[in-house]
Amino acid sequence: MILAWLGALLIGLSLGLLGSGGSILTVPVLVYLVGQDPKVAMAGSLMIVGVISLISAIPYARQKTIDWRMVAWFGLPGLVGAVFGAWLAHFIDGVIQMLIFAALMLSAAYLMFKPVDLSAPPKQRAAYKIVADGLVVGAVTGLVGVGGGFLIIPALVLLGGLSMRLAVGTSLVIIAIKSFAGFAVYLDVLAAQSLALDWGIIIKFTLIGILGGWLGHKVSHHFDQQLLRRIFASFLIFMGLFILYQKLPGLVMG
């Protein structure tokens, strides 16, 4: 169980150091280190990530570095998408969800290995396209139980025209909103399959994650961010390939 607590600390540290990415670790930690059913892990992940993100957003709100207009344009459609994605989990086998999750991890690793040029002036994007972006990101992340900060931040910067600092604060609010919405729907998914949450694990992971996030934020200026992104991306590749190795043969044989 010590590895699981270290995993919870790593989730918070990653969020504090990179501003995103920690949420995508939560599901594999709960599945492979705690031994939870994938659907239980995805539901618990949404609550854990939602609380950590909400608390992490408080300093940004105090510093007025949250774009509330973008929360509405991108975040509220993301909430709808997250609810739809979580509802869709009723009809998708847990193995398929984990394979989608693995593909998402490998995509995130690609984005981290090849970071986009955020210094380039963003192009103005039509409001309906921003709404569509929010719906798609919300649906995908709601389906597999992640906050999606690694997708939301580039979208806010490149498509929404926000600065990086404004994007991070705004992203935390969006992640919290849609994580709680997805969690509420996942309760029905678990009830339909006679599965139950482990609130003890959720509370412990959340508290350790909050501590990790605080530590990560404190020491973030001592580390080279590009090196950290590459290390984290390498870990995502390892975990994504590991999930494919674990789940794909069973799907093919089945």
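Here, each number is a calculation from the coordinates, and none is a lab measurement. None of these values were measured; they are calculated from a predicted model. Every residue, glycine among them, receives a Cβ derived from its backbone with ideal geometry; neighbour counts consider all protein chains shown.
When the residues of the range 91-106 are narrowed to those that are farther than 24 Å from Ile231 by Cβ and of a type outside the set (Val, Ile, Thr), which ends up surrounded by the most Cβ atoms within 10 Å (Cβ to Cβ)?
Gln97
Where the second residue is of a type outside the set (Asp, Glu) and not in a helix (DSSP H, G or I) and the first is closer than 24 Å to Leu190 by Cβ and lies in the range 140-152, which pairs have Cβ atoms under 7 Å and are six or more apart or on separate chains?
Once the first residue is closer than 24 Å to Leu190 by Cβ and sits in the range 140-152, its partners that are of a type outside the set (Asp, Glu) and not in a helix (DSSP H, G or I) give Thr141/Gly147; Thr141/Gly148.
The rows are residues; the columns are (1) under 16 Å from the mean Cα position of the chain (by Cα); (2) buried (at least 18 other Cβ atoms within 10 Å of the Cβ); (3) not hydroxyl-bearing (Ser, Thr, Tyr).
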position	(1), (2), (3)
Pro28	yes, yes, yes
Tyr32	no, no, no
Ala43	yes, yes, yes
Ile55	yes, no, yes
Ala61	no, no, yes
